[in-house]
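Any read-out appearing in this document is the output of simple, stated calculations on the displayed coordinates, not a laboratory observation. Predicted model, so just to flag it, every value in this text is computed and none were measured. All Cβ positions, even for glycine, are placed from backbone atoms using ideal geometry, and neighbour counts span all protein chains on display.
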Amino acid sequence: MWNSLGQDDAIQMFLLAKTENRLAHSYLFFGPDRVGKATLAEDFARLLFCEDEISPCGDCLPCKRVTSKTHTDINWIEVGGERDVGFSKSKSKSKSIGIDRIRELRTAINIKPFEGSQRLVVILGSEDMTLEASNALLKVLEEPPENVFFLLLTSNLSMILPTIISRCQLVKIKKVSDEFIKRYMIEKYQFEDSYALDIARLASGKIGMAIFIADNPDYLESRLEIFSRIHKLLNSGLEERFDYSERLAMDFSRDPEKVHNELRMWEIWWRDFMLVQFHSSDKASSTSNVEDFLELANFVEIDDVINILKTIGRSIKLLQSNVNPRLVFDQLVLQTPVIRKK
Ligand SMILES: [Zn+2]
């Protein structure tokens, strides 16, 4: 039983490799946040440790221990070590995986497995490793102990050392179609067609994101709140814009994920805005804003919309690379188009 959805290519590849006894020692899963990397990593772990003839069965003791994260032959490594799988809720203040963790790991994997005959190391958010940690891991990957497998997961391949990449077999974790997500939402949650489609469009191909939205109805509500804030900002002067920036910076210091979510909402709002400007409102992620957009579309130049979309994308990248958040948010509010009613 595989829990991954829409990752048939990767699943077939693993099944074949397992049957032919030629699983690679290290795989690097890459793909956007919440696309299903961690779920596939769990599936891989069950495939590796399952005792049933048809693995992964999901029901045998090793399978259950993988699912409950209590399998003693697996090391899950991530920032803080407390992040809920796939949901980026880091409770720790540490923002990186340091060399100490890799040193501990090196000791751990040289001990004989407790339960089975092999060990598995899963590094979630591999881009969070410090350079020192990456180099230490590279040494391990260059001469991996017998029967130890490594799964490195990342949503940012460009932040992984090329020398590490060259030691791993790359596995792209794919986005799925809106139709796929919509069908799944209807089947699993019995949602109405239109609600299922709204979620599918918001998730833009990331199944984990769709499940997150389905399980957190607040998310859709907070989306409307954020949308109304952006709308208001268009008519606002400098003072209000800097207030908004200050609020984002404060939120960011307490809960970066909340702000990342807000910026993703910005992206969605402006992308929809552009679609309406190009008379493609049927492709918009939600139908609720279309009326507003039609009213505003004449007062905002398309170039300004393209510019703000670029600024949002750049802001998200800059925040990941430890730039002063306040400067990033100031730029964002300054680049936000001003409504020029004629
Ligand atoms: Zn099993």
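Rg over Rh for the chain works out to 1.01, both radii taken from alpha-carbon positions and Rh defined as the Kirkwood radius.
Largest first, the three principal axis extents of the alpha carbons in the stretch 175-215 are 22, 18, 14 Å in whole numbers. Restricting the chymotrypsin sites (Phe, Trp or Tyr not before Pro) of the stretch 106-189 to loop positions (DSSP other than H, G, I, E, B) with no more than 11 neighbouring Cβ atoms within 10 Å leaves 114. From the square roots a ≥ b ≥ c of the eigenvalues of the alpha-carbon gyration tensor of the stretch 9-86, which class results: rounded (a/c under 1.5), prolate (a/b over b/c), or oblate? Verdict is oblate for the stretch 9-86. Taking amide H as placed 1.01 Å from N in the peptide plane, residue 75 has its amide H under 5 Å from the amide H of 120, 121, 122, each at least 5 places away in sequence or on another chain. Our note on the geometry: Cα centres of the stretch 153-189 and the stretch 193-209, 16 Å apart. The loop-placed trypsin sites (Lys or Arg not before Pro) in the stretch 28-77, going by DSSP, that have at most 15 neighbouring Cβ atoms within 10 Å of their Cβ come out as 69. Charge tally for residue 167 (other residues, Cβ to Cβ under 12 Å; Lys, Arg +1; Asp, Glu -1): -1. Computed from point charges on the beta carbon alone (+1 for Lys and Arg, -1 for Asp and Glu), the dipole magnitude for the chain about its Cα centre is near 760 Debye.
Working note: Karplus 6.51/-1.76/1.60 with θ = phi - 60° gives the stretch 67-79 the couplings 4, 8, 6, 10, 6, 6, 9, 10, 10, 9, 10, 7, 4 Hz, where Gly and Pro are set to x.
Sum up the charges of everything whose Cβ sits under 15 Å from the Cβ of residue 118, counting Lys and Arg as +1 and Asp and Glu as -1, but leave residue 118 out. Net charge in that neighbourhood comes out at +2. Remark: for residue pairs 95/317; 175/283; 18/172; 18/182; 172/310, the C-alpha separation exceeds 21 Å in 18/182; 172/310. A DSSP coil position with no more than 15 other Cβ atoms inside 10 Å describes the following GluC sites (Glu not before Pro) in the stretch 109-148: 115, 146. Cα-based radius of gyration for the stretch 111-208, normalised by 2.2 N^0.38 Å, reads 1.51. Counting Lys and Arg as +1 and Asp and Glu as -1 over every other residue whose Cβ lies under 15 Å from the Cβ of residue 44, the net charge comes to +3. Restricting the calculation to alpha carbons of the stretch 8-172 gives Rg and Dmax of 14.9, 43 angstrom.
Rounded to whole numbers, the Karplus 3J(HN,Hα) couplings from phi for the stretch 261-277 are 4, 4, 5, 5, 5, 4, 4, 4, 4, 6, 5, 4, 4, 5, 4, 5, 4 Hz, using 6.51 cos²θ - 1.76 cosθ + 1.60 with θ = phi - 60°, and x at Gly and Pro.
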